[in-house]
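Q: Shown below is the structure under consideration.
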Amino acid sequence: MRNTARWAATLALTATAVCGPLTGSALAAPAAAPASLYAPSALVLTVGHGASAAAATPLRAVTLNCAPTASGTHPAPALACAELRGVGGDIDALRARDGVICNKLYDPVVVTVDGVWQGKRVSYERTFGNECVKNSYGTGVFAF
């Protein structure tokens, strides 16, 4: 009987050691997978009248999400995302379209872009001479 008790105790301890980690949180769902396989690309774009963002009150603001698909409150998110991908997310690389003629009336418009592009922080501010000049840059990013 003594060997039976010792054997039962050994079996109980072995079972506890082996099966113990399988209880509670170990049986819960595996570690959470990343929310997305894409680096985030989410931007907030604002436009206002004035010579700088500090002096201007934003008139409009839109959101632009480009990964994994284009979305947001931007009126043309697919076009804007494609344009940004074309310049590698470098907003300074956007150039005025050829053939656009704007008047020389100085009515400054400031555009700001803040957020993340492919996992990297973005902060951009640019003052354009007027609305026409702003709209001549690219085809979709600043068209809101």
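Q: Criterion first (closer than 19 Å to ALA39 by Cβ and either touching a Lys or Arg at 6+ places or on another chain (Cβ under 8 Å) or among the acidic types (Asp, Glu) (or both)) does CYS66 satisfy it? If you could, list the steps in order and put the result at the bottom.
A: Working: closer than 19 Å to ALA39 by Cβ: yes; either touching a Lys or Arg at 6+ places or on another chain (Cβ under 8 Å) or among the acidic types (Asp, Glu) (or both): yes.
So CYS66 fits the description; yes.
Q: Please tell me if GLU125 is touching a strand residue (DSSP E or B) at 6+ places or on another chain (Cβ under 6 Å), surrounded by fewer than 16 Cβ atoms within 10 Å (Cβ to Cβ) and not aliphatic (A, V, I, L, M). Talk me through it step by step, then tell me what you get.
A: On the way: touching a strand residue (DSSP E or B) at 6+ places or on another chain (Cβ under 6 Å): yes; surrounded by fewer than 16 Cβ atoms within 10 Å (Cβ to Cβ): yes; not aliphatic (A, V, I, L, M): yes.
Yes: the conditions hold for GLU125.
Q: From VAL113, VAL100, VAL109, VAL87, which residue is under 13 Å from the mean Cα position of the chain (by Cα) and of a type outside the set (Lys, Arg)? If you could, list the steps in order and put the result at the bottom.
A: Details: VAL100 fails: under 13 Å from the mean Cα position of the chain (by Cα); VAL109 fails: under 13 Å from the mean Cα position of the chain (by Cα); VAL87 fails: under 13 Å from the mean Cα position of the chain (by Cα).
The unique qualifying residue is VAL113.
Q: Related question: Kindly provide the set of residues from segment 51-99 that are touching a residue at least 40 places away in the same chain (Cβ under 8 Å), part of a helix (DSSP H, G or I) and closer than 16 Å to VAL110 by Cα, ordered by number.
A: Within segment 51-99, ILE91 is the sole residue that qualifies.
Q: Write out, first by first residue and then by second, each pair whose Cβ atoms fall under 6 Å of each other, whose residues are 6+ apart or on separate chains, and whose first residue, in segment 121-144, is in contact (Cβ under 8 Å) with a residue 60 or more places away in the chain while the second is assigned to a loop (DSSP other than H, G, I, E, B).
A: Cβ pairs passing all conditions: GLU125/ALA53; THR127/ALA51; THR127/PRO108; LYS134/PHE142; GLY140/ALA76; PHE144/HIS74; PHE144/PRO75.
Q: Can I ask one more? I'd like the full set of residues that are assigned to a loop (DSSP other than H, G, I, E, B) and either out of contact with any Gly (no Cβ under 8 Å at 6 or more places or on another chain) or among the charged types (D, E, K, R) (or both), limited to segment 108-144. Even if it seems obvious, please write down each step before you answer.
A: If we filter segment 108-144 for residues that are assigned to a loop (DSSP other than H, G, I, E, B), which is where we start, we get 108, 118-119, 129-130, 138-144.
Once the filter is applied, which keeps residues that are assigned to a loop (DSSP other than H, G, I, E, B) and either out of contact with any Gly (no Cβ under 8 Å at 6 or more places or on another chain) or among the charged types (D, E, K, R) (or both), segment 108-144 yields GLY119, GLY129, ASN130, GLY138, THR139, GLY140, VAL141, PHE142, ALA143, PHE144.
Q: A further question follows. Is there a residue being open to solvent by 40 Å² or more (accessible area, probe 1.4 Å), among the β-branched types (Val, Ile, Thr) and modelled with pLDDT of 85 or more anywhere in segment 98-108?
A: For segment 98-108, residues open to solvent by 40 Å² or more (accessible area, probe 1.4 Å), among the β-branched types (Val, Ile, Thr) and modelled with pLDDT of 85 or more: present.
Matching residues to (1) more than 16 Å from TRP117 (Cα to Cα); (2) modelled with pLDDT of 90 or more; (3) of a type in the set (Lys, Arg); (4) crowded, with 16+ Cβ neighbours inside 10 Å:
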| position | (1), (2), (3), (4) |
| --- | --- |
| LEU27 | yes, no, no, no |
| ALA31 | yes, no, no, no |
| ALA35 | yes, no, no, no |
| GLY48 | yes, yes, no, yes |
| ARG60 | yes, yes, yes, no |
| ALA67 | no, no, no, yes |
| PRO77 | no, yes, no, yes |
| ALA82 | no, yes, no, no |
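The values are calculated or read from the model by the stated rules, or taken from the named source; none is laboratory data. Since this is a predicted model, take the numbers as computed values, not measurements. No Cβ is skipped: glycine too gets one built from the backbone with ideal geometry, and neighbour counts run over all protein chains shown. Accessible surface is based on the protein model in full, side chains and every heavy atom, while ligands, DNA and RNA are left aside. Shrake-Rupley method; radii C 1.70, N 1.55, O 1.52, S 1.80 Å.
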